[in-house]
Amino acid sequence: MPITGNARVAGVMGWPISHSLSPKLHNHWLSVMDIDGLYVPLAVRPDDAVDAIAMAGRLGFRGLNVTVPHKQTALAVVDNADELATRIGAVNTIVFDEEGASVGTNTDGYGFIENISQRQSGWDFTKGPAVVLGAGGAARAIVVALMEAGAPEIRVCNRTHVRANDLVSDLARPGHAEAVLNAVLWEERDDALAGAALLVNTTSLGMVGKEPLDIRLDALPEFACVNDIVYAPLETRLLRAAYHRGNPTVDGIGMLLHQARPGFEAWFGQVPEVDNVLRLHVLAGTQE
Ligand code: ATR
């Protein structure tokens, strides 16, 4: 459909932004659903993020995705951040209402759960402990999502141990019958896999241009699901090793695809689907 004067506009704000796959993803949905709308990349320097988020509402944007390094800034500047974004400490999705007031949420954990549930049909997150490698923003969203999904125990293992400790003390909720959170030393990551039902890599290790993730999977039960949120390359060394020893594996691109759905629905009024055509479209040209 041609873009008219009534087109709904949304975008993704980050610095840098040229690597973002979100424009390709949302514009594919707009095209297949024949929606009069547009989704644009917005390269916004860190010093300009506060003004740019406010201005987007005044310019008539329906909403924004917010990515590195603006997610914490977005939490601080939105008019209303929901409980989930506040708990995680970051906003990745903003919806502007009729008056231009901004509501912020975080859909990264939703994307994580939906990806594993789709690729390992109906995966049961309650069936055993989860090991989360990393303690950055992505790890925070994933730990909260795992707690909500009923994981009985979450072992957070990070190179810089104080960040794992901080994550655990920020997210643990004493008095709530939720997951037990434990910070594990990076040097103990191999042993931390004993008895786990899920292993997730949220670090940048294994990504194109970075060192591979160095971990021995010997202690991991064979039924455990292994997920890498890295998607360039799609098959990381971690996923290959897990696959070869018989573990179910889930690659990282689906988390990106699913986290985009709630924003799209709020801005453009239709529920988008994540299917293989979308996966291939978004991945095209990313794996060289
Ligand atoms: P994001 O918000 O995407 O999670 P981040 O906050 O930069 O990004 O976190 C990156 C994660 O990768 C961190 O857990 C980081 O560990 P540190 O907290 O010790 O920095 C982890 N990471 C990056 N390079 C690493 C390396 N060479 N070895 C181990 N962990 C690494």
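The values are calculated or read from the model by the stated rules, or taken from the named source; none is laboratory data. Computed from a predicted structure; not experimentally measured. Here Cβ is always computed from backbone atoms with ideal geometry, including for glycine, and neighbour counts include all displayed protein chains. Each accessible area value is taken on the protein alone, full model and side chains, heavy atoms only, with ligands, DNA and RNA left out. Shrake-Rupley method; radii C 1.70, N 1.55, O 1.52, S 1.80 Å.
So what are the radius of gyration and Dmax for the Cα set of the range 109-252, in Å?
13.7, 43
Compute, for SER121, the solvent-accessible surface of its heavy atoms (probe 1.4 Å) with the complete set of protein chains present, and express it in square angstrom to the nearest 10.
Near enough 110 Å² of accessible area.
Work out the length of the dipole vector of the range 109-252 about its Cα centre, built from +1 on the beta-carbon of each Lys and Arg and -1 on the beta-carbon of each Asp and Glu, and round it to the nearest 20 debye.
Its charge dipole is roughly 160 debye.
Would you mind checking which residues have amide H under 5 Å from CYS225's amide H? H placed 1.01 Å from N; only 5 or more apart, or other chain.
LEU198, LEU199
Using a 1.4 Å probe on the protein chains only, how many percent of the accessible area of the range 109-252 belongs to carbon and sulfur?
C and S fraction of accessible area: 48 percent.
Suppose R0 equals 35 Å. What FRET efficiency, 1/(1 + (r/R0)^6) with r the Cβ-Cβ distance, do VAL50 and LEU234 give to the nearest 0.05?
0.45
When Lys and Arg each count +1 and Asp and Glu each count -1, what net charge do the other residues less than 12 Å away from ILE53, Cβ to Cβ, add up to?
-1
Counting alpha carbon pairs within less than 8 Å and at least 6 residues apart, what relative contact order, in whole percent, applies to the chain?
Relative CO of the chain lands at 15 percent.
Mind jotting down the distance between the C-alpha centroids of the range 38-56 and the range 96-128, whole Å?
23 Å
Could you order GLU114, GLU273 so the one with the most accessible surface comes first? Probe is 1.4 Å.
Greatest to least solvent exposure: GLU273, GLU114.
Given only helices, namely DSSP H runs of n ≥ 4 each adding -39500 (n - 2.57), what is the per-residue ellipticity at 222 nm of the chain, to the nearest 500 deg cm²/dmol?
Computed ellipticity for the chain at 222 nm equals -10000 deg cm²/dmol.
Please name whichever of SER20, HIS258, ALA172 sits farthest to the positive end of the charge dipole of the chain, dipole taken about the Cα centre and charges placed at Cβ: Lys and Arg +1, Asp and Glu -1.
Towards the positive end, the residue furthest out is SER20.
Which value, in Å², gives the accessible area per residue of the range 109-252 when a 1.4 Å probe is used on the protein heavy atoms?
44 Å²
Would you mind computing the Rg to Rh ratio of the range 189-288 from its alpha-carbon coordinates, Kirkwood style for Rh?
My calculation puts Rg/Rh at 1.04.
Dividing the Cα convex hull volume of the chain by residue count, how many Å³ per residue is that?
132 Å³
In square angstrom, what is the accessible area per residue of the range 1-63 with a 1.4 angstrom probe?
Value for the range 1-63: 53 Å² per residue.
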